[in-house]
Amino acid sequence: MPADPTWRERRHDLVPVDVSFRNYRPGSAYEFRSDEQGFSGVWVPLPAPAQGRRTDWLSADIPWQDYAGIFGEMSQRLQEFTTYRRGTTGQVSWFGPVQRPRMGPLGSMPVRYGDTMWLPVPGWGDSGSGHIGDSHGNFGVKNLMTLYQGDRELDQGNIEKLLPSGLAPQRLPYRLVVDNDRGKWASPYSRHTLTEWNFTSQETGTDTTLPLIQLDYGVRTDPAGRADRNGHLTVTASHLSGVTGTVKKPSVELSYDDGATWRRAALDRHGDGWRTTLRAPKRAMFVTVRVAARDDDGNSVSQTLVRAFGLR
């Protein structure tokens, strides 16, 4: 044993992480971070602002998992462990637009084994592709999920997950409809989202990831969730890890009057996604988004997000 067992980090062993909390209004939130070893350990939420910024210093080259939430409204988490490399600077953003259903590897991967599907679809992930979010503790929210085989309803629930069993062994088409509505939840954004996945599935002998195409959004907003009227919106359609196939160019429509009228968006390639420029009328206050995407195996997704984000 050393005479002094105290562990002292040196500055060059730490990575600065710019953490942004982007709820539509100020208030109290919480955050909890653990390393990979502590993933199943004690959950200890620490106070955080619902709207604000701070800089954290984390040990480099260690896989971290991170959670944040607002009591009675939502809970969000990284969809996979993140490692901050020595000599870099990290960035994490919570609660901002565009909120919608998002799945991911840590506990929220849609899979099939034998005659059973596990369909976790947390309905309130935030901007980008890094976070999964659910309405934990928010009991007035609608999170209606319905699974169909053809026109026949197989299962339904309102807890952001389904576990249908007794499925036919042969390869068949399925349709998963996820209808999320904030109800009395005060946030002005993503008031109502409707997502429909069409995919095929058959009996498997191992856990097999289902080909549910994910839609991710990137838009620069102010702390209150408002974008510039001539800003950019990026849409990325992709498969979850373990699914083969190529996702084709999506179609994007925008509405500035809550879906009464629509405008087809012109798209340009931007990294892994497709970017369009907003053309918001002077009196518009919100942007409603409608996206459709398909892969080369015939799996598809359509998603409508009412008041996805605001305008300034």
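The values are calculated or read from the model by the stated rules, or taken from the named source; none is laboratory data. Everything numeric in this text was worked out from a predicted model, so none of it was measured. Glycine gets a Cβ as well: all are built from the backbone with ideal geometry, and neighbour counts include every protein chain shown. Ligands, DNA and RNA are excluded from the accessible area calculation, which covers all protein heavy atoms including side chains. Shrake-Rupley method; radii C 1.70, N 1.55, O 1.52, S 1.80 Å.
Can you find even one residue in the range 160-167 that is charged (D, E, K, R), within 13 Å of Pro110 (Cβ to Cβ) and at pLDDT 95 or above? First the steps, then the outcome.
Start the filter on the range 160-167 by keeping residues that are charged (D, E, K, R), which leaves 160-161.
Narrowing further to those that are within 13 Å of Pro110 (Cβ to Cβ): 160-161.
Checking the rest, the ones that are also at pLDDT 95 or above come to 160-161.
The answer is yes, given that some residue of the range 160-167 is charged (D, E, K, R), within 13 Å of Pro110 (Cβ to Cβ) and at pLDDT 95 or above.
Step by step: first the residues of the range 1-21, then only those that are free of Cβ contacts under 8 Å to residues at least 24 places away in the same chain and open to solvent by less than 100 Å² (accessible area, probe 1.4 Å), then the one that is farthest from Gln91 (Cα to Cα). Which residue is that?
Only one residue tops the list, namely Pro2.
Which condition number in (1) touching a Pro at 6+ places or on another chain (Cβ under 9 Å); (2) without any contact (Cβ under 8 Å) to a residue 60 or more places away in the chain; (3) open to solvent by less than 50 Å² (accessible area, probe 1.4 Å) is the one that Gly231 fails?
Going through the list (1) touching a Pro at 6+ places or on another chain (Cβ under 9 Å); (2) without any contact (Cβ under 8 Å) to a residue 60 or more places away in the chain; (3) open to solvent by less than 50 Å² (accessible area, probe 1.4 Å), Gly231 breaks only (1).
Within the range 97-111, can one find any residue that is modelled with pLDDT under 90, hydroxyl-bearing (Ser, Thr, Tyr) and within 12 Å of the chain's Cα centre (by Cα)?
no
Tally time: how many residues in the range 31-50 are open to solvent by less than 20 Å² (accessible area, probe 1.4 Å) and either of a type in the set (A, V, I, L, M) or at pLDDT 95 or above (or both)?
Of the residues in the range 31-50, the ones open to solvent by less than 20 Å² (accessible area, probe 1.4 Å) are 31, 34, 48, 50.
Applying the additional criterion that residues be either of a type in the set (A, V, I, L, M) or at pLDDT 95 or above (or both) yields 48, 50.
Result for the range 31-50: 2.
Pick out the one residue from Arg275, Arg269, Arg283 that is within 22 Å of Arg307 (Cβ to Cβ), open to solvent by 40 Å² or more (accessible area, probe 1.4 Å) and not in a loop (DSSP other than H, G, I, E, B). Write out each step before concluding.
Details: Arg269 fails: within 22 Å of Arg307 (Cβ to Cβ); Arg283 fails: not in a loop (DSSP other than H, G, I, E, B).
Residue meeting the stated conditions: Arg275.
Among the residues of the range 222-248, what is the count of those that are part of a strand (DSSP E or B) and either over 21 Å from Asp268 (Cβ atoms) or modelled with pLDDT under 95 (or both)? Give the derivation first.
Taking the range 222-248 first, the residues part of a strand (DSSP E or B) are 226-227, 232-238, 247.
With the extra rule that they be either over 21 Å from Asp268 (Cβ atoms) or modelled with pLDDT under 95 (or both), the set shrinks to 226.
Number satisfying all stated conditions: 1.
Which one is farthest from Phe309 (Cα to Cα) among residues in the range 111-150 that are of a type in the set (D, E, K, R) and open to solvent by 10 Å² or more (accessible area, probe 1.4 Å)? Before you say what the answer is, go through the steps one by one.
Step one: of the range 111-150, the residues of a type in the set (D, E, K, R) are 112, 115, 126, 134, 142.
Filter once more, keeping what is open to solvent by 10 Å² or more (accessible area, probe 1.4 Å): 115, 134, 142.
Working: Asp115: 40, Asp134: 18, Lys142: 20 Å.
Across the range 111-150, the extreme among qualifying residues is Asp115.
Only one residue in Ala186, Ala260, Ala224 is farther than 28 Å from Asp151 by Cα, open to solvent by 70 Å² or more (accessible area, probe 1.4 Å) and of a type in the set (A, V, I, L, M), so which one is that?
Testing whether each residue is farther than 28 Å from Asp151 by Cα, open to solvent by 70 Å² or more (accessible area, probe 1.4 Å) and of a type in the set (A, V, I, L, M) leaves just Ala260.
From the list Val141, Val111, which one is in contact (Cβ under 8 Å) with a residue 60 or more places away in the chain and of a type in the set (A, V, I, L, M)? Walk me through how you get there before you give the answer.
Working: Val141 fails: in contact (Cβ under 8 Å) with a residue 60 or more places away in the chain.
Matching residue, one of Val141, Val111: Val111.
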